[in-house]
Protein chains: 2
Amino acid sequence: MAKKGMLLVGHGSKLPYNKDLVETTARLIAEKTDEYIVRAGFMSLNTPTVQEQLEAFRKEKIEMLVVVPLFLARGVHIEKDIPAILGLPEGARAGTFHMNGKDVPLVYASPIGSDPLLAELMLKNAAEAIAELER
Amino acid sequence: MAKKGMLLVGHGSKLPYNKDLVETTARLIAEKTDEYIVRAGFMSLNTPTVQEQLEAFRKEKIEMLVVVPLFLARGVHIEKDIPAILGLPEGARAGTFHMNGKDVPLVYASPIGSDPLLAELMLKNAAEAIAELER
């Protein structure tokens, strides 16, 4: 059965931490599920770029492309820059991805946003820092 | 029993989304646990500032202050700016918080970083966007 493609989009940074975060998260997602072929691409300063990864997905056997921005919250990149690269009108959450030979649905997911899982992550980071203090 | 203080530090933004995210996450954390008094403060562009919230914590009954940056990854804010405000040397993960009258431990937690919970959150956002398409 054809998989879905997941393009994890990172902001990019001169420092190595954003790229590490996005690529490690892509790897963790790929380990968790067989549903997706996962690739990471960057808006700026790091490679592969979003455009390069879209090009790579055109050659994969996928039945759908889901673009997931690894950003904390909405902002100019989320609302304007990424939609422009994807050929989506501003505000659109879905469109079409033109593969080599066929078209598949393109879905544009939300950034992290407020979520109980994020609250849990903050509690976990707090607990780890306290545990380190007590060691 | 005295609680711990948790200062959730946000980047701040001209747009409303970062402030919303940080304040909603602070609320979600407070709903999840009685262990902490939770406050949100911002590095720039939004209020209350980090400094204002430190001042507010000086008047609370807390036995420890944990500072948790709601940032994706390490960077200049995490490595230099926040430690400077906290009076921590660069690289230090713990120090002392001077309350009105007594000193308590100060703990500086890590930003989000790569974590299986973050991978899960990305998968959840992808699934929600696909479900929306199919509605």
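Yes or no: B:L70 among the aliphatic types (A, V, I, L, M) and farther than 20 Å from A:L117 by Cα?
Spelling it out, it is not the case that B:L70 is among the aliphatic types (A, V, I, L, M) and farther than 20 Å from A:L117 by Cα.
How many residues are in contact (Cβ under 8 Å) with a residue 12 or more places away in the chain, more than 7 Å from every other protein chain (Cβ to nearest Cβ) and more than 13 Å from the chain's Cα centre (by Cα) if we restrict to region A:63-78?
Residues that pass the stated criteria total 2.
May I ask you to list the residues in region A:1-26 that are aliphatic (A, V, I, L, M), closer than 16 Å to A:L72 by Cα and within 8 Å of another protein chain (Cβ to nearest Cβ)?
Within region A:1-26, A:L8, A:L21 qualify.
A quick yes/no check of all residues on (1) aliphatic (A, V, I, L, M); (2) open to solvent by less than 10 Å² (accessible area, probe 1.4 Å); (3) within 10 Å of chain B (Cβ to nearest Cβ); (4) farther than 22 Å from B:L72 by Cβ:
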site	(1), (2), (3), (4)
A:I85	yes, no, no, no
A:M99	yes, no, no, yes
A:P105	no, no, yes, yes
A:G113	no, no, yes, no
A:P116	no, no, yes, no
A:L121	yes, yes, yes, no
A:A127	yes, no, yes, no
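Yes/no matrix, rows are residues, columns are (1) modelled with pLDDT of 95 or more; (2) hydrophobic (A, V, I, L, M, F, W, C):
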| residue | (1), (2) |
| --- | --- |
| A:E23 | yes, no |
| A:I29 | yes, yes |
| A:F42 | yes, yes |
| A:E63 | yes, no |
| A:R74 | no, no |
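For residues that are of a type in the set (G, A, S) and open to solvent by less than 40 Å² (accessible area, probe 1.4 Å), scanning just region B:32-59, find the one that is farthest from B:D81 (Cα to Cα).
Only one residue tops the list, namely B:A56.
Which condition number does A:E132 fail, the rest of (1) open to solvent by 70 Å² or more (accessible area, probe 1.4 Å); (2) under 24 Å from B:A127 (Cβ atoms); (3) facing chain B (nearest Cβ under 7 Å); (4) not aromatic (F, W, Y) being met?
(2)
Listed residues B:P89, B:P16, B:P69; which is touching a Pro at 6+ places or on another chain (Cβ under 8 Å) and open to solvent by 40 Å² or more (accessible area, probe 1.4 Å)?
B:P89
Would you check if A:L54 is at pLDDT 95 or above, out of contact with any strand residue (DSSP E or B) (no Cβ under 6 Å at 6 or more places or on another chain) and under 28 Å from A:L121 (Cα atoms)?
It is false that A:L54 is at pLDDT 95 or above, out of contact with any strand residue (DSSP E or B) (no Cβ under 6 Å at 6 or more places or on another chain) and under 28 Å from A:L121 (Cα atoms).
The values are calculated or read from the model by the stated rules, or taken from the named source; none is laboratory data. All values reported here derive from a predicted model rather than from experimental measurement. So basically every Cβ, Gly included, is an ideal-geometry build from the backbone, and we count neighbours across all protein chains shown. Surface accessibility is based on the protein's heavy atoms, side chains included, excluding ligands, DNA and RNA. Shrake-Rupley method; radii C 1.70, N 1.55, O 1.52, S 1.80 Å.
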